[in-house]
Amino acid sequence: MKHLKPMEAVAALYASGNEADSEAIVASLSCTIFGTHGLEPARPAKKILASVSHRVLSWTTRTTKSQTADGSVATKYSNRILERSGHGYAHALMGSSSHTTESLVEGGDPMNSQYMMICPEIRKNCEVWDRLFLDSVQAKDVRLRMVWETLATYDEAKRRLDEGNPVRMKAVAAGTGLSMILAYDKLVRDGIDPARIVAEITDRDQANIDKANRLMDKLPTTRERHSSPGSGRGISAKAEDIFMDRAEDAMATYDVVTAIGILEYFHGHTYTTTEECMGMQPPPDAASALDLVHRLHHLTAEGGSAIVNTYRRNAATRLLEVFGRRFDYRNRDNLKALMETAGFKLEKHMGAGHVYDVEVYSKSPLAV
């Protein structure tokens, strides 16, 4: 692992084979997250650099429109500075897999490379462009968000297990599910009987689920206990659209539900939006944040915990807007008001960065 750069580490982690490197990466991530991680938000110099970068990229980015096979219009972004870097993150920033997701910051290997920067051994191998892209204001916050999400998931599960209860966990729109895998791995290494734990990783992108399964096939704590969805034990991953796939889990509830990095794409209870700030036409009515938190209420058992995040606007997020990403911005008050509509009560504030806060809410009965 010590020779790997961030992008190489992501490839090794999720590809078939490379068991030794994958185990070493997960061990390093776990040691850092559950030890004294020493991570902190970007300092003032980085914030100034983010503002300068935003202006430069705003001046130098060009857009072209093209028509897709189904007749929709998609936007293509180009920027000579980013193109010359040759870095995978730059290509991910400018591109999108389809016109239907061009406003989203998708997971993928380039975005997951930010998490590799948590490993001290991999950080040492970074080159100039790695540091520029992966040590930015938002990138540092993304790493902190994962640390807080993992710690919150572990803490909530461990508390219930220590009380003598089994625990059911679900990660919604979880990408490759790395945070849930790390929490489960730590619980099993702590000596918890895996038969007392159910952990489900879900994401609408089948490619992310395939990566999660490949990773779990390689780790000692998940390899044998890696179960099929719905088996009622161990850890599993399946493709799922939280709004569409409801029949299978109509009766299923979970003690710990994580919904990290998803609320910022749904309107409602925001202090501003990309469209408002840029004078753009708001998107047509679609699923709202209210719909999502009520769905979380359905999935969360009485007394269970929901782990969510805020999303604040600054130069780092405005930089993403240059490349067509669209966000709904919420501070802590906005998030609290939103969660209260679905009967959730704020229980714990895990930490705050420049962009993200991660918070734990408990479910109480929903007033009719």
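The values are calculated or read from the model by the stated rules, or taken from the named source; none is laboratory data. Everything quoted here is computed from the prediction, not taken from an experiment. Neighbour counts run over all protein chains shown; Cβ positions are idealised from the backbone, glycine included. When the accessible area is computed, the model is the full protein with side chains, heavy atoms only, and any ligands, DNA or RNA have been set aside. Shrake-Rupley method; radii C 1.70, N 1.55, O 1.52, S 1.80 Å.
Report yes if Arg313 is assigned to a loop (DSSP other than H, G, I, E, B), open to solvent by 50 Å² or more (accessible area, probe 1.4 Å) and either at negative phi or of a type in the set (Phe, Trp, Tyr) (or both), otherwise no. Yes: the conditions hold for Arg313.
Name the single residue, out of those in the stretch 306-348 being of a type in the set (Val, Ile, Thr) and within 17 Å of the chain's Cα centre (by Cα), that is modelled with the lowest pLDDT. This residue is Thr317. None of Ala152, Ala139 is under 20 Å from Ile307 (Cβ atoms), part of a helix (DSSP H, G or I) and among the small types (Gly, Ala, Ser) except Ala152. Scanning the stretch 290-305 for residues that are open to solvent by less than 50 Å² (accessible area, probe 1.4 Å) and not in a strand (DSSP E or B) turns up Leu292, Val293, Arg295, Leu296, His297, Leu299. Scanning the stretch 286-305 for any residue that is more than 26 Å from Lys46 (Cβ to Cβ), modelled with pLDDT under 90 and out of contact with any helix residue (DSSP H, G or I) (no Cβ under 6 Å at 6 or more places or on another chain) turns up at least one such residue. Within the set of pairs 6+ apart or on separate chains, which have a first residue in the stretch 67-89 that is among the aromatic types (Phe, Trp, Tyr), a second that is in a loop (DSSP other than H, G, I, E, B) and surrounded by 10 or more Cβ atoms within 10 Å (Cβ to Cβ), and C-beta atoms under 7 Å apart? Close Cβ pairs (under 7 Å, with a partner that is in a loop (DSSP other than H, G, I, E, B) and surrounded by 10 or more Cβ atoms within 10 Å (Cβ to Cβ)) amount to Tyr77/Thr61; Tyr77/Phe323; Tyr77/Gly324. For the stretch 15-59, a residue qualifies if it is free of Cβ contacts under 8 Å to residues at least 12 places away in the same chain and of a type in the set (Ser, Thr, Tyr), and exactly one does: Thr36.
Of all residues in the stretch 323-365, those being closer than 26 Å to Pro283 by Cβ, in a loop (DSSP other than H, G, I, E, B) and open to solvent by less than 20 Å² (accessible area, probe 1.4 Å) number 7.
Could you tell me whether the stretch 274-290 includes any residue that is closer than 13 Å to Ala342 by Cα and in contact (Cβ under 8 Å) with a residue 24 or more places away in the chain? Yes: one or more hits. Condition first: assigned to a loop (DSSP other than H, G, I, E, B) and farther than 25 Å from His294 by Cα. Can you find one or more residues in the stretch 166-179 that meet it? No, because not a single residue in the stretch 166-179 is assigned to a loop (DSSP other than H, G, I, E, B) and farther than 25 Å from His294 by Cα.
Of Thr36, Thr60, all but one fail to be surrounded by 12 or more Cβ atoms within 10 Å (Cβ to Cβ) and either farther than 30 Å from Ala352 by Cβ or of a type in the set (Ser, Thr, Tyr) (or both); the exception is Thr60.
Looking across the stretch 105-141, the residues that are hydrophobic (A, V, I, L, M, F, W, C) and open to solvent by less than 10 Å² (accessible area, probe 1.4 Å) come down to Met116, Met117, Ile118, Cys119, Ile122, Leu134, Val137, Ala139. I'd like to check something: does the stretch 182-198 contain any residue that is under 23 Å from the mean Cα position of the chain (by Cα), over 24 Å from Asp21 (Cβ atoms), modelled with pLDDT under 95 and not β-branched (Val, Ile, Thr)? No: the stretch 182-198 contains no residue that is under 23 Å from the mean Cα position of the chain (by Cα), over 24 Å from Asp21 (Cβ atoms), modelled with pLDDT under 95 and not β-branched (Val, Ile, Thr).
Looking across the stretch 258-271 at every residue that is open to solvent by 20 Å² or more (accessible area, probe 1.4 Å) and of a type in the set (Ser, Thr, Tyr), the one that is nearest to Leu182 (Cα to Cα) is identified as Tyr265.
Please work out which residue is surrounded by the most Cβ atoms within 10 Å (Cβ to Cβ), limiting yourself to the stretch 68-83 and to residues that are in a strand (DSSP E or B) and among the β-branched types (Val, Ile, Thr). Per the criteria, the residue is Thr75.
So is Ser28 over 25 Å from Ala90 (Cα atoms) and out of contact with any strand residue (DSSP E or B) (no Cβ under 8 Å at 6 or more places or on another chain) or not? When the stated conditions are applied, Ser28 passes them.
So, of the residues in the stretch 158-195 that are open to solvent by 60 Å² or more (accessible area, probe 1.4 Å) and not charged (D, E, K, R), which turns out to be nearest to Lys238 (Cα to Cα)? Of everything passing the filter in the stretch 158-195, Ala195 is nearest to Lys238 (Cα to Cα). In the set (1) open to solvent by 60 Å² or more (accessible area, probe 1.4 Å); (2) of a type in the set (A, V, I, L, M, F, W, C); (3) part of a loop (DSSP other than H, G, I, E, B), Ala287 fails one condition alone, (1).
Residues in the stretch 39-53 that are under 19 Å from Ala152 (Cα atoms) and either open to solvent by 70 Å² or more (accessible area, probe 1.4 Å) or of a type in the set (Ser, Thr, Tyr) (or both): 1 in all.
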